[in-house]
Amino acid sequence: MTTRSKPARFLAAATLAAAMTVTTTLTAGVTAAHGSAAVPAQAATTSAAGAVAAPAIPDTPAGRQLGWVLGAVSRAPLPEAELRAHFAAGFLANIPPAQLNQALATFKGMKLERLTSAQDRQLAARVLVGRTPIDLALTVDGGGLIDGLRFGAPEVRSWSEADRRLRAIAPRTGFLAAELTAGGRCRPVHAIAAGKRRPLGSMIKLYVLGTVAQQIKSGRFGWDTELTITPELKSLPGGELHGRPDGSKVTVLEAAKLMISISDNTATDLLIHKVGREAVERTLRSWGVRDRRNEPLLTTRDLFVLKGVKYPRHARKYLAMSDAKQRSYLEKVVAGQDLSAFELYTAPRELDTVEWFASPKDICRAYAELVKLGDEHIGQAMSINDAGLGLDKKAWPTVWFKGGSEPGLSDLSFLARTAGGKTYVVVAMGADGKAPISEASTLDQVAVARGAFTLANGS
């Protein structure tokens, strides 16, 4: 829910919405094959002593750039001059240096496991980030500069492989792949602890979107209704509305699109303010989520204050209170805190107490309810960003996405509809109360989700 210059990987997929598309597809130019002789894939060799030696990198334009990338990821952020010495101008025009540095830093500690194919101006390799396998593809232009760079975790081929990889990502894992029936029911195809409620991060925004759409349907306001950005409603990044001048106007539709596509936190809080905190709580309950930890519903600003301003003072006081006193504390104390006092933290904090909560089954039902509302604007917001899922658009013309993240939390949810009209929902939730979950692991979750759609549709 924030950029890396602010609380990193916080609450939602600002990393997924803004950076995941970069880290999964750093392609900004030519990615087609270049005409030169192919070099057989090279595997790591074993010495007489039994140690595994790193595979040789070919002395070709693509190979030299691969060698640079392998070293550069551990040094990011890199000077702009160095990036311009290795990336084509067209690439950097699409992915500016700051964004590129953010993506490269995701793969710190990356090691080459093997080359899978190599030519003078393009190659493919399997690399490891920690224990997570990542497929890397790289191309260079006629001057030897990188014009295409792609990272992606290998797609799963079986449910057993999906289970193994999900459990390797986080000690607490929830998963559901389900078909959404014509009657709006989630028919499970494969699951791991799908009924257990877990922290949501920014997947709570599905329920905010649903509440907004319900109130529009009832005639309370419209998608073109304007909202005013005020200091007290500004949250932290991710997003862009926090940077707009006080008094600026934004329509409900624009706020909804920003809330979903780039997980804009200020947009979220503007919408919660418009519909009312209690209205979102009612949506949660009416859509089957009855968890006392969701009441009172926190705004994103509330959560930032409780977890990052004078922590743990406010969090401890808040958690010791009754529901009614918590509501008063949010309005009279938390609302008055200055977010400039927020202190960045990188270790998991209050994942099971100061958060929002639902299960994979609950999230599947939320998608079903959003579909039932039948509002085209919901689809517009939900389909802007696919987090790099990369399903074939002809076979899967409709893809919706919402994720959530903060230190120790990585959640993803997708809805995809086939060209033949079948609809599936895939939800992957991972939590680790002791350590943050790496971006490479989140890439692996995306890859598992991509494979799950294929497996579910073929079952």
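Tell me, yes or no, whether region 281-294 has at least one residue that is touching a residue at least 12 places away in the same chain (Cβ under 8 Å), open to solvent by 30 Å² or more (accessible area, probe 1.4 Å) and within 16 Å of Gln326 (Cα to Cα).
yes
Please work out if Asp392 is among the charged types (D, E, K, R), under 30 Å from Gly458 (Cβ atoms) and under 17 Å from the mean Cα position of the chain (by Cα).
Here the answer is no, as Asp392 does not meet what is asked.
May I ask you to verify whether Arg157 is in contact (Cβ under 8 Å) with a residue 12 or more places away in the chain, of a type in the set (Lys, Arg) and open to solvent by less than 60 Å² (accessible area, probe 1.4 Å)?
Here the answer is no, as Arg157 does not meet what is asked.
From Leu258, Leu297, Leu241, which residue is touching a residue at least 24 places away in the same chain (Cβ under 8 Å) and surrounded by 24 or more Cβ atoms within 10 Å (Cβ to Cβ)?
Leu241
Determine which single condition Arg327 fails, assuming it passes every other condition in (1) of a type outside the set (A, V, I, L, M, F, W, C); (2) assigned to a helix (DSSP H, G or I); (3) touching a Pro at 6+ places or on another chain (Cβ under 6 Å); (4) within 27 Å of Gly388 (Cα to Cα).
(4)
Of (1) in contact (Cβ under 8 Å) with a residue 40 or more places away in the chain; (2) open to solvent by 30 Å² or more (accessible area, probe 1.4 Å), Ala182 satisfies all except one. Which?
(1)
Based on this model, can you work out whether Thr266 counts as buried (at least 24 other Cβ atoms within 10 Å of the Cβ), more than 29 Å from Leu455 (Cα to Cα) and among the hydroxyl-bearing types (Ser, Thr, Tyr)?
yes
Quick grid of which residues meet (1) in a strand (DSSP E or B); (2) of a type in the set (Asp, Glu); (3) open to solvent by 60 Å² or more (accessible area, probe 1.4 Å):
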| position | (1), (2), (3) |
| --- | --- |
| Leu92 | no, no, no |
| Ala98 | no, no, yes |
| Leu104 | no, no, no |
| Lys108 | no, no, yes |
| Glu113 | yes, yes, yes |
| Asp120 | no, yes, yes |
| Leu128 | yes, no, no |
| Leu138 | yes, no, no |
| Gly142 | no, no, yes |
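The values are calculated or read from the model by the stated rules, or taken from the named source; none is laboratory data. Please read these numbers as outputs of a predicted model, since none were measured by experiment. Cβ coordinates were reconstructed from backbone atoms using ideal geometry, including for glycine residues, and neighbour counts include every protein chain displayed. SASA here: full protein model, heavy atoms, side chains in, ligands and nucleic acids out. Shrake-Rupley method; radii C 1.70, N 1.55, O 1.52, S 1.80 Å.
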